[in-house]
Amino acid sequence: MLIMSVDVGTARTGVALSDMGESFAFPKGVITEYNREKLIVKLAEKAKELGAEMIVVGYPKNMDGSEGFKAQECAAAANALKEATGLPVELWDERCTTVSAHTALNFTDTRGKKRKQIVDAVAATIILEDFLRHRKNTASK
């Protein structure tokens, strides 16, 4: 199954996609859009273009596990995506994924403008990798 993940941001939203075997996650770009309604339309188009069969939306809980304003925004985006695409949509805890993305980009010495353009896609990839790992581990039990 092809699974698309989304790291919703204020200005930039990262997108990643799994392979059919759900073993790997690949960055598929960043959508720059401030307007939420337009963002949902663009994400739905991206899901169709990529042939996604499921969407995972990063769910940024607070470090204590509570749901803040950003988590509520992401939950609303997930519901809107489900309505727009008709696909199953899951929320996935994404605490610290942007920090992990920055760390990964440090290892590749990616700096400046290029870093700003891809960090959200890298974060979406990390979200999807975590989700795929969880699916694999819970499916075998």
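Here, each number is a calculation from the coordinates, and none is a lab measurement. As the structure is a computational prediction, the values presented were derived from the model and not from experiment. Neighbour counts are summed over all protein chains in view; Cβ atoms, including those assigned to glycine, are modelled from backbone coordinates with ideal geometry.
In the neighborhood of residue 44, defined by Cβ-to-Cβ distances under 15 Å, what is the net charge if each Lys or Arg adds +1 and each Asp or Glu adds -1?
Working: positive: 28, 36, 38, 42, 46, 48, 82; negative: 33, 37, 45, 49, 53, 83.
The answer is +1.
So for each of 120-126, 16-22, 33-39 I average, over its residues, the number of other beta carbons within 10 Å; can you give me the resulting order with the highest mean first?
Numbers: 120-126: 27.4, 16-22: 18.0, 33-39: 12.9.
Result, highest mean Cβ count within 10 Å first: 120-126, 16-22, 33-39.
Straight-line reach from residue 28: taking Cα to Cα under 16 Å and skipping same-chain neighbours fewer than 8 places apart, the aspartates and glutamates in range are 7, 19, 45, 49, 53, 120, 129. Taken one residue at a time, the phi angles of the range 36-50 give Karplus couplings (6.51, -1.76, 1.60, θ = phi - 60°) of 5, 5, 5, 4, 4, 4, 5, 5, 5, 5, 5, 4, 5, 4, 7 Hz. Gly and Pro are set to x.
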